[in-house]
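A short write-up of the structure that comes next.
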Amino acid sequence: MLTIGTTAIGQPASLAFSEIEGGLKLGSTGSAPTIVIDGKDWPGVTRAGNDLANDFGLVTGTKGKVTTSTNDHAGSPVIIAGTLGKSPLIDGLVSSGKLDVSGIRGKWESFTSQLVFDPSEGVTSALVLAGSDKRGTIFALYDVSEQIGVSPWYWWADVAPKKRTGIYAINMKKTQGPPSIKYRGIFLNDEQPALTNWVSEKYGGKFDSRFHAKVFELLLRLRANYFWPTMWNSKFYVDDAKNGPLADEMGIVMGTSHTEPLARADKEKVKPWDWKSNQNNLKKYMEDGAKRAKNWETLWTLGMRGDGDTASPTLDARQLVDVITYQQGVLKTVLGQSDLSKVPQMWCVYKEVGGYYQAGMKIPDDVTILWSDDNSGNIQRLPISSEVNRVGNAGVYYHFDYVGDPRNYKWINTIQLSKTWEQMHLAFQKNATQIWVVNVGDLKPLARLSFPRTEIPISHFLDMAYDMSQFTKPDSTDSWLRAWATREFGAGVADGTAEAMATYGKLIIRRKYELLNREPFLYNIANYDEAENVLGEWQRLENKTQTIHDGLDTDTQIAFFEMVLHPIMAGRVVQQVYINAARNKEYAKQKRMSANILAADVKATYAQDTVIQKRYHGLLNGKWNHMMDQLHFGYNNWQDPSQNTMPSVQTIGTTAPSSGIMGVSVQNSAASTPGDAGPALSPVDPYTPENRTIDIYARGAGTVEFTITPAQPYVKASPSQGTLSYPSGTSDMRATLSVDWAAAPSGASKVDIIIKPKTGTEVKLSLALNSIAVPASFKGYVESNGAVTMEMQHFASRAPGAANANLEVIPHYGRTDSGLTLLPIAAGTQTVATGPKAIYVFYAFSSTANAKLSVHLPPSFNVNPSAPLKYAFALDAATPTTVTPVPSATLGAMPGGWNDAVVNGARVVSTALGRVEPGEHRLSLWLLEPGTTVQRLVVDLGGVKASYLGPPESAKVGF
């Protein structure tokens, strides 16, 4: 279970905000501690100490003081911070027996926090922070900052520091580290236009050391240590000569992207960028990069691809081996290091490079293999048994942003946190633990939340990388979200904010904003009221989030707007524009006057997008101007459009047909009557999950009154009468039908419903009823109209398998509700005979010989080609059917169905289920390979209608 201490996420609390027995008062309103850092310690430690001193000022009103001697405290409380072997102060405390560092000595990026009594003359007690190395000490200092109430995002997302009237160090020993992942960081990429335009305004057009100081501080506060700089039109080491030394001073391990070898920027490349024809110049280029960065902490990128982040037309696996051999020779010579196992290096298996590896290319054992996702958050490959003991180990290159097929996505975040957990938890368990680096695009737009921005996804990703022990359970993302919301906005709104974030993740994974105009439109306008229901979900989410925002104090509202409300508000606007544009086209075919109203709504909502953008850019006197410059309307291929473009809409004339002004349509039909053949109301039974509705609307200018009269009293329409008027008044009304099942006849029957206008042609509809009931003892799902839709968390029972294997629920996963996955990963491949299974019980009233089971899965890959993802199912006592849902593919290539699966946020696999007779049935589900995750089950008994998400969840009895 993820813990939260004070306002720090996931780690033990060592501070309190009220007096505590045996504790040390560090600060209060108007007072702050003296922070003692030996002058011989790392400059980056002193820099972090100064940040902590400033942070005390933010929370108590008085800044702390940084000094090199314990004699300079002038009676104020004392914090002593330092690095083992670098700080004589710390080493002296260790040698005197006053400080126990046995838990951190020799470990990577670890620290201990302890109250030490009489640490030096004149100091009765002090809080001592000791790091095993430079970053261990830096993390210890920033840990105090986070605990006292300064968010890592205090500058980048304007999170208001929490004011404190008292801060006390608890008399306890706290030890943290080493981190779960050795190198953890971000890649600033695809930075045009938002970040580039912002940097141009704020920093004179260069990604200089002033800009990078802010980025590096953020990373360190997030306990990260690794950075790939922007590459589109920048050169990290050239744009500002201070950039390299600054990274090293602050404690950031520099790297470069998969296409930039040996610390050289893409924009520095020599031409032609071809190993075959220009080898001598390329060798000098790479050697110069190593020489330039040799004195700074660097994780060296090896290999090469073609120019412009493309495949090389002349490079093959043999030549790539020559490239890497040469690069390693350069490192040995330039660094004076014959044992390269002590030099961090990585080779990224990205796109076509994967084909070289799969074909048998050998990579030196001391090089980290950096496996990539598919640019859309689905990891393609992870270490197999023969690779887990490599000296260089393995890592993951992941994406929260991408420019390329099937569409760019870089406006606001479209990442579902629970999916990130599922993929990175799998990576961790498969031993890809050396490097985790995530492409975050523009940082700020993708630094907001796991939702529209990447602040939340970045925090979530890096918190997992730092301490995966806090993320062992499938519900750990929910716990993390509550902890995150508590830190940023306060405990009073944590649950509501976490729920909003989880809901946003469910809504946005259905399709990225840039793909919403893809034809045909994804949400069905008629069937299941899908399009309207989705828009209603967005509107309800925005309303709830706005209410939370309005209850916050003014300072907290700024950060809440940036990180939570803005993405939801902006996202709702884009969804509404596209959904109502699609509805407009369908309504125009029906000659509904509301088509014109929808056309006006699309135009007005589209205009809101600019208003919201200006509101964002105007925050804090324009601090974040340009950060929302990214285009997001009007894509027609993978590349950015030249400008935002509203989807087309239609308006129709106001002359009514000869049948009169009134028109009628019904749910699950595109027909409009009078005119079309009379639309048929879908049958209804006591277990139908959605209401049966009738739309009555104006099909021309004028006014008409109408009544709705069911032929039997046990069917009622609400409202039962109304007045349509266009262009003024109400042009559309929706009547909901309800049935008093206690009064309705048993079995199948029909009830006519007359919609009679005062003038014009009346409409006669027929509603088929089926008054049925399941046995009183039944518990499970109930079929209605030939469909049973089951969400994964609502199984009837689970049975564990061998090797402690279980099927576990991932809350808020997938497009509708939850996921089911096989854990632990270490349990390995399962069989139907011994593996865990979940049983879903349903009751059928239909009889069919051709039932189908549709299984909704994420767009995952077979991360172990020899053990592909696999599940099995069986109806009742039938022989289980085993399904391998993801086709095999060459590493670096996409498996069959990948494009549609990524676009749709799900791979839907339909398989024959066989004959189903009326009665109770038990559907058994086995997940046979770790990494196999299921989002939803739909049993089609002949009644499933076309839709994007599938029918709504069926009625449940006894749950």
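The values are calculated or read from the model by the stated rules, or taken from the named source; none is laboratory data. Owing to the predicted nature of the structure, the values given are computational and were not obtained by experimental measurement. Glycine gets a Cβ as well: all are built from the backbone with ideal geometry, and neighbour counts include every protein chain shown.
Of the residues in segment 502-517, not one is surrounded by fewer than 20 Cβ atoms within 10 Å (Cβ to Cβ) and either without any contact (Cβ under 8 Å) to a residue 12 or more places away in the chain or acidic (D, E) (or both).
Candidates are the residues of segment 905-959 that are of a type in the set (K, R) and touching a Phe, Trp or Tyr at 6+ places or on another chain (Cβ under 8 Å); the one that is farthest from N668 (Cα to Cα) is R922.
Go over the candidates G106, G136 one by one and state the one that is at pLDDT 95 or above, over 16 Å from I170 (Cα atoms), surrounded by fewer than 20 Cβ atoms within 10 Å (Cβ to Cβ) and not assigned by TED's automatic domain parsing to the domain that holds I456. I'd like the intermediate steps shown before the answer.
Numbers: G136 fails: surrounded by fewer than 20 Cβ atoms within 10 Å (Cβ to Cβ).
None of the other options fit; the residue is G106.
Might you check whether a residue that is out of contact with any Phe, Trp or Tyr (no Cβ under 9 Å at 6 or more places or on another chain) and of a type outside the set (K, R) occurs anywhere in segment 214-221? No - not one qualifying residue is present in segment 214-221.
Note on segment 400-439: residues that are of a type outside the set (D, E, K, R) and in a loop (DSSP other than H, G, I, E, B) total 15.
Against the numbered list (1) in contact (Cβ under 8 Å) with a residue 40 or more places away in the chain; (2) closer than 21 Å to I170 by Cβ; (3) surrounded by fewer than 22 Cβ atoms within 10 Å (Cβ to Cβ), P33 comes up short only at (3).
Kindly provide the set of residues from segment 244-275 that are of a type in the set (S, T, N, Q) and crowded, with 24+ Cβ neighbours inside 10 Å, ordered by number. Steps first, please.
As a first pass, look at segment 244-275 and keep what is of a type in the set (S, T, N, Q): 256-257, 259.
The answer is T256, and nothing else.
Let me confirm something: among A570, A604, A600, A595, which residue is touching a strand residue (DSSP E or B) at 6+ places or on another chain (Cβ under 7 Å) and among the aliphatic types (A, V, I, L, M)?
Details: A604 fails: touching a strand residue (DSSP E or B) at 6+ places or on another chain (Cβ under 7 Å); A600 fails: touching a strand residue (DSSP E or B) at 6+ places or on another chain (Cβ under 7 Å); A595 fails: touching a strand residue (DSSP E or B) at 6+ places or on another chain (Cβ under 7 Å).
Exactly one residue qualifies, and that residue is A570.
Considering only segment 566-611, how many residues are more than 30 Å from R482 (Cβ to Cβ) and either part of a helix (DSSP H, G or I) or modelled with pLDDT under 95 (or both)? Qualifying residue count, segment 566-611: 31. Listed by position, the strands (runs of 3 or more DSSP E) inside segment 851-959 whose residues that are charged (D, E, K, R) and closer than 24 Å to D374 by Cβ number at least 1 are 907-916, 936-940. The C-beta contact set for segment 833-846 (first residue in contact (Cβ under 8 Å) with a residue 60 or more places away in the chain, second residue of a type in the set (K, R) and not in a strand (DSSP E or B), distance under 9 angstrom, 6+ apart or interchain) comprises V841/K779. Does T230 count as within 23 Å of T314 (Cα to Cα) and either buried (at least 17 other Cβ atoms within 10 Å of the Cβ) or not assigned by TED's automatic domain parsing to the domain that holds G149 (or both)? Considered against the rule, which asks whether it is within 23 Å of T314 (Cα to Cα) and either buried (at least 17 other Cβ atoms within 10 Å of the Cβ) or not assigned by TED's automatic domain parsing to the domain that holds G149 (or both), T230 comes out as no. Going by the conditions given, is A796 more than 25 Å from R692 (Cβ to Cβ) and touching a residue at least 24 places away in the same chain (Cβ under 8 Å)? The answer is yes for A796. Taking the listed residues L370, L382, the one that is in a loop (DSSP other than H, G, I, E, B) and more than 30 Å from M628 (Cα to Cα) is L382, with no other qualifying.
Answer yes or no: is there a residue in segment 549-565 that is modelled with pLDDT of 95 or more, outside any helix (DSSP H, G or I), in the same structural domain as W624 (by TED's automatic domain parsing) and among the hydrophobic types (A, V, I, L, M, F, W, C). There is at least one residue in segment 549-565 that is modelled with pLDDT of 95 or more, outside any helix (DSSP H, G or I), in the same structural domain as W624 (by TED's automatic domain parsing) and among the hydrophobic types (A, V, I, L, M, F, W, C).
Only residues that are over 29 Å from D133 (Cα atoms) and under 21 Å from the mean Cα position of the chain (by Cα) were counted across segment 174-227, and they come to 5. Listed by first and then second residue, the pairs with beta-carbon distance under 6 Å, at least 6 apart or on different chains, first residue in segment 606-628 and at negative phi, second assigned to a loop (DSSP other than H, G, I, E, B), are Y606/M646; Q613/M628; Y616/M628; H617/N625; M627/K444; M627/P445. No other residue among Y357, Y397 is in contact (Cβ under 8 Å) with a residue 40 or more places away in the chain, more than 30 Å from D640 (Cα to Cα), assigned by TED's automatic domain parsing to the domain that holds M424 and not in a loop (DSSP other than H, G, I, E, B) apart from Y357.
Could you count how many residues in segment 283-308 are small (G, A, S) and either surrounded by fewer than 15 Cβ atoms within 10 Å (Cβ to Cβ) or part of a strand (DSSP E or B) (or both)?
The total comes to 2.
Considered as a group, the residues in segment 295-329 that are touching a strand residue (DSSP E or B) at 6+ places or on another chain (Cβ under 9 Å), at pLDDT 95 or above and β-branched (V, I, T) include one that is nearest to W371 (Cα to Cα), and that residue is T301. Filtering D609, D601 for residues that are assigned by TED's automatic domain parsing to the domain that holds R511, acidic (D, E) and either farther than 24 Å from A671 by Cα or touching a Gly at 6+ places or on another chain (Cβ under 9 Å) (or both) leaves a single hit, D609. When G64, G49, G23 are screened for being over 39 Å from the mean Cα position of the chain (by Cα), farther than 25 Å from W480 by Cα and not hydroxyl-bearing (S, T, Y), only G23 passes.
When segment 673-704 is filtered for residues that are among the small types (G, A, S), at pLDDT below 95 and farther than 30 Å from Y781 by Cα, the ones remaining, listed by number, are G675, A677, G678.
Looking at segment 804-821, is at least one residue more than 30 Å from A498 (Cα to Cα), outside any strand (DSSP E or B) and modelled with pLDDT under 95? Scanning segment 804-821 turns up at least one residue that is more than 30 Å from A498 (Cα to Cα), outside any strand (DSSP E or B) and modelled with pLDDT under 95.
Show me the strands (runs of 3 or more DSSP E) entirely contained within segment 143-205 in which 1 or more residues are touching a Ser or Thr at 6+ places or on another chain (Cβ under 7 Å) and not hydrophobic (A, V, I, L, M, F, W, C). Please lay out each step first, then the result.
Values: elements: 166-169, 174-176, 183-188.
Qualifying strands (runs of 3 or more DSSP E): 166-169, 174-176.
Restricting attention to segment 518-530, does a residue exist that is among the acidic types (D, E), surrounded by fewer than 24 Cβ atoms within 10 Å (Cβ to Cβ), part of a helix (DSSP H, G or I) and not assigned by TED's automatic domain parsing to the domain that holds T789? Walk me through it before giving the result.
Initial filter on segment 518-530 (among the acidic types (D, E)): 519, 529-530.
Okay, now just the ones that are also surrounded by fewer than 24 Cβ atoms within 10 Å (Cβ to Cβ), so 519, 529-530.
Among the residues that remain, those that are also part of a helix (DSSP H, G or I) are: 529-530.
This time we only want the ones that are not assigned by TED's automatic domain parsing to the domain that holds T789, so: 529-530.
Checking segment 518-530: at least one residue is among the acidic types (D, E), surrounded by fewer than 24 Cβ atoms within 10 Å (Cβ to Cβ), part of a helix (DSSP H, G or I) and not assigned by TED's automatic domain parsing to the domain that holds T789.
Residue by residue through segment 181-210, note down the ones that are buried (at least 20 other Cβ atoms within 10 Å of the Cβ) and aromatic (F, W, Y). Of everything in segment 181-210, those that are buried (at least 20 other Cβ atoms within 10 Å of the Cβ) and aromatic (F, W, Y) turn out to be Y183, F187, W198, F207.
To keep it simple, each residue is scored yes or no on (1) surrounded by fewer than 17 Cβ atoms within 10 Å (Cβ to Cβ); (2) under 19 Å from A263 (Cβ atoms).
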{"position": "N281", "(1), (2)": "yes, yes"}
{"position": "T310", "(1), (2)": "yes, no"}
{"position": "I324", "(1), (2)": "no, yes"}
{"position": "Q328", "(1), (2)": "no, yes"}
{"position": "L335", "(1), (2)": "no, yes"}
{"position": "M346", "(1), (2)": "no, yes"}
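For segment 354-392, a residue qualifies if it is in contact with a Ser or Thr (Cβ under 6 Å, 6 or more places away or on another chain) and farther than 27 Å from P859 by Cβ, and the qualifying residues are D366, V391, G392.
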